[in-house]
Amino acid sequence: MSGADEAITGAEAIVLVALLVLGITILAYTIRTGVPPMPTSPGTRAVMLRLLPPQIDGVIYDLGSGWGGLSLAIAKRYPRNPVVGIELSPIPWLFARARLAIWRQPNLTYRRADLLNERLYDAGAILCYLMPRVMQKLAPKLDDELRPGTVVVAYSFAVNHWRPDTVAVEAESGPAPVYRYIVGDPGR
Ligand SMILES: C[S@@+](CC[C@H](N)C(=O)[O-])C[C@H]1O[C@@H](n2cnc3c(N)ncnc32)[C@H](O)[C@@H]1O
């Protein structure tokens with residue numbers, strides 16, 4: 001094989017640099033937030049959605065919405081509720097926004113923000129798939145801001161000091177449990 005055969009073209013170099021920038025940006029935000037943009041599987045989403053009541057009063061938040069798949073599934077299931085995905089990492093957030101520009105879902109918005117700085121007083125339901133350290137920081141905020149009756153569904157990592165009313169461990173959702181909490185529930 002000659003040297004000319006091995007040399008990469010200008011177009012290939014641009015693609016490689018673009019992929020490198022994307023990868024480094026995703027990695028940098030994973031280090032910053034402590035949570036990778038790992039999406040829930042379709043099976044996990046189905047179990048999370050099943051744990052939500054048929055009617056929800058208020059905004060449904062996907063805290064750390066990643067590539068936006070869970071938020072989109074929620075928005076389709078609850079077309080009358082505003083659904084807000086909150087995501088800090090720019091690449092997954094941009095992907096979710098771009099998909100929404102193509103396949104519109106009028107009740108869905110994606111906010112690029114730190115979920116720990118967002119006000120949740122208008123929440124009717126919260127869904128999250130985060131990591132223990134973020135859940136620890138989130139717990140006092142949920143205590144302060146959520147109204148009685150708000151449903152919280154968390155995949156894999158529980159809300160510190162709260163007692164779930166349901167823990168779903170189903171083959172469909174993968175190896176980790178899905179926790180459901182109802183704010184104001186005496187068992188909580
Ligand atoms: C494991 S992914 C879950 C994605 C989506 N909710 C799902 O279930 O498919 C968690 C996301 O939370 C985001 N995240 C973590 N901490 C955050 C913070 N403080 N503010 C906003 N987003 C955050 C991460 O960037 C990551 O994309």
(request) Select from the stretch 145-162 the residues that are open to solvent by 40 Å² or more (accessible area, probe 1.4 Å) and under 10 Å from Gly184 (Cα atoms) and write down the one among them that is farthest from the ligand (Cβ to nearest atom). (result) Pro148
(request) Tally the residues that are open to solvent by 30 Å² or more (accessible area, probe 1.4 Å), more than 9 Å from the ligand (Cβ to nearest atom) and outside any loop (DSSP other than H, G, I, E, B), restricting the search to the stretch 77-99. (result) 7
(message) If I filter the stretch 106-129 down to residues being more than 11 Å from the ligand (Cβ to nearest atom) and in a loop (DSSP other than H, G, I, E, B), which single residue comes out as surrounded by the most Cβ atoms within 10 Å (Cβ to Cβ)?
(response) Leu120
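Return yes or no: is Tyr121 closer than 24 Å to Ile26 by Cβ and not assigned by TED's automatic domain parsing to the domain that holds Ile24?
Values: closer than 24 Å to Ile26 by Cβ: no; not assigned by TED's automatic domain parsing to the domain that holds Ile24: yes.
So Tyr121 fails the test.
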(request) Consider Ala168 carefully, then state whether it is small (Gly, Ala, Ser), surrounded by fewer than 20 Cβ atoms within 10 Å (Cβ to Cβ) and within 23 Å of Ala73 (Cα to Cα). (result) yes
(message) Cβ-Cβ under 9 Å, sequence separation 6+ or interchain: first residue in the stretch 9-26 and touching a residue at least 24 places away in the same chain (Cβ under 8 Å), partner open to solvent by 100 Å² or more (accessible area, probe 1.4 Å). Which pairs?
(response) none
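The values are calculated or read from the model by the stated rules, or taken from the named source; none is laboratory data. Everything numeric in this text was worked out from a predicted model, so none of it was measured. We place every Cβ from the backbone using ideal geometry, glycine too, and count neighbours over all the protein chains shown. For the accessible areas, the whole protein counts, side chains as well, though only heavy atoms, and no ligand, DNA or RNA atoms are used. Shrake-Rupley method; radii C 1.70, N 1.55, O 1.52, S 1.80 Å.
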